[in-house]
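Below: the structure, in structure tokens.
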Amino acid sequence: MEEERPGESFFLECERLWVFWGLMLVGGFYGGYTYGIRGRVFCNAQTANLLVMAMNIGNGNFRKAAYYLIPFSAYFLGIVVSEILAKEIKRLRFARWDTILVGFEMVVVFFLGLMPSDWPDQICQVTLNFICAMQFNTFRQAEGIGMATTFCTNHLRQFASFLVRYCRGKDPSVGRKSALHGLMLLLFMLGVILATLGIRLFSYRSIWIADLILLVLFCRLLLADRTYERELLLRKPGGH
């Protein structure tokens with residue numbers, strides 16, 4: 001077990017708040033992009049897909065219900081793959097799985113931007129389902145605070161819960177947690193706004209805006225892995 005740096009509470013670079021802020025921005029962008037131009041669906045989570053699938057089963061529309069097994073299966077597979085690859089990549093001791101994932105995501109998003117407009121929207125939807133699942137399963141805690149980077153429901157709950165607790169006790173640490181969850185909600189909305197504006201200007205190529213954010217994240221994480229955190233590649237991030 002690695003010792004913390006003297007005089008400070010040490011977190012890995014992949015656990016830093018700025019990383020989660022960037023990923024949350026990208027998560028909002030994905031949702032705005034797929035809803036705005038790729039089939040009017042949300043790729044970030046599966047609650048809505050399970051809801052619609054169950055409704056179709058209840059109405060006897062089994063063929064329509066089966067369709068929603070595609071994004072659900074992609075999300076499930078993304079979680080399974082991230083669990084397996086995280087352990088395998090750790091053995092290489094070259095870079096953290098978190099870094100490799102962001103790099104992989106960056107490459108995939110670039111090719112999604114090249115995808116012709118007449119190709120089925122489901123290709124983009126399922127691909128982003130897979131990516132969002134891996135991201136959700138990989139990035140779990142930001143500086144000791146449980147966070148998600150692809151959807152908002154938990155952040156809304158935490159924002160409200162910590163806000164009430166802060167109003168009761170005026171504990172600055174509780175107030176900070178409420179503010180951070182509130183900031184995640186705003187960043188998600190900003191990502192959706194960027195996607196909406198980007199679609200107007202660049203149409204299907206607008207997804208490359210998310211790629212620019214991912215490029216910054218990847219370069220910074222890779223720098224950490226290859227320099228000042230090179231001896232910590234076996235250390236697990238919080239939440240794992």
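The values are calculated or read from the model by the stated rules, or taken from the named source; none is laboratory data. Computed from a predicted structure; not experimentally measured. Cβ atoms come from the backbone with ideal geometry, glycine included; neighbour counts cover every protein chain shown. With ligands, DNA and RNA removed, areas are computed over all heavy atoms of the protein, side chains included. Shrake-Rupley method; radii C 1.70, N 1.55, O 1.52, S 1.80 Å.
Mind counting the residues in region 140-165 that are open to solvent by 20 Å² or more (accessible area, probe 1.4 Å) and of a type in the set (A, V, I, L, M, F, W, C)?
At the first step, the residues of region 140-165 found to be open to solvent by 20 Å² or more (accessible area, probe 1.4 Å) are 140-141, 143-144, 146, 151-154, 156-165.
From the residues that got through so far, the ones that are of a type in the set (A, V, I, L, M, F, W, C) too are 151-152, 156, 159-160, 162-164.
Adding up the residues that qualify gives 8.
Starting from region 88-101, keep only residues that are among the aromatic types (F, W, Y), then list their pairs with residues that are part of a helix (DSSP H, G or I) whose Cβ atoms are within a distance under 6 Å, requiring at least 6 positions of separation or different chains.
Correct list of pairs: W97/A86; W97/I89.
For residues in region 6-31 being of a type in the set (G, A, S) and modelled with pLDDT under 95, which is farthest from G198 (Cα to Cα)?
G7
Can you name the number of the only condition in (1) farther than 22 Å from C152 by Cα; (2) out of contact with any helix residue (DSSP H, G or I) (no Cβ under 8 Å at 6 or more places or on another chain) that I70 fails?
Failing condition for I70: (2).
Quick one: in region 16-46, of everything that is among the hydroxyl-bearing types (S, T, Y) and touching a residue at least 60 places away in the same chain (Cβ under 8 Å), which residue is nearest to V216 (Cα to Cα)?
First, the residues of region 16-46 that are among the hydroxyl-bearing types (S, T, Y): 30, 33-35.
Of the ones still in play, those that are also touching a residue at least 60 places away in the same chain (Cβ under 8 Å) are 30, 33-34.
Working: Y30: 17, Y33: 20, T34: 23 Å.
Within region 16-46, the match that is nearest to V216 (Cα to Cα) is Y30.
Conditions (1) polar (S, T, N, Q); (2) more than 26 Å from A210 (Cβ to Cβ), marked per residue:
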| site | (1), (2) |
| --- | --- |
| V19 | no, no |
| R40 | no, no |
| A45 | no, no |
| N59 | yes, yes |
| A65 | no, yes |
| E83 | no, no |
| L92 | no, yes |
| V108 | no, no |
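Is it the case, given these coordinates, that G191 is assigned to a helix (DSSP H, G or I) and closer than 20 Å to F136 by Cα?
So G191 passes the test.
Exactly one of these conditions fails for I131: (1) at pLDDT below 95; (2) within 12 Å of G27 (Cβ to Cβ). Give me its number.
Unmet for I131, out of (1) at pLDDT below 95; (2) within 12 Å of G27 (Cβ to Cβ): (1).
Quick one: in region 210-240, of everything that is within 18 Å of N137 (Cα to Cα) and small (G, A, S), which residue is most open to solvent (accessible area, probe 1.4 Å)?
That would be G239.
Tell me yes or no: at least one residue of region 112-128 is in contact with an Asp or Glu (Cβ under 8 Å, 6 or more places away or on another chain), touching a residue at least 60 places away in the same chain (Cβ under 8 Å), closer than 25 Å to T34 by Cβ and of a type in the set (G, A, S).
yes
Residues checked against (1) crowded, with 17+ Cβ neighbours inside 10 Å; (2) touching a strand residue (DSSP E or B) at 6+ places or on another chain (Cβ under 7 Å); (3) closer than 30 Å to E231 by Cα:
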position: L17; (1), (2), (3): no, yes, yes
position: L23; (1), (2), (3): yes, no, yes
position: I37; (1), (2), (3): yes, no, no
position: M55; (1), (2), (3): no, no, no
position: N59; (1), (2), (3): no, no, no
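Residues being loosely packed, with under 15 Cβ neighbours inside 10 Å and part of a loop (DSSP other than H, G, I, E, B): count how many of those fall in region 104-139.
Adding up the residues that qualify gives 5.
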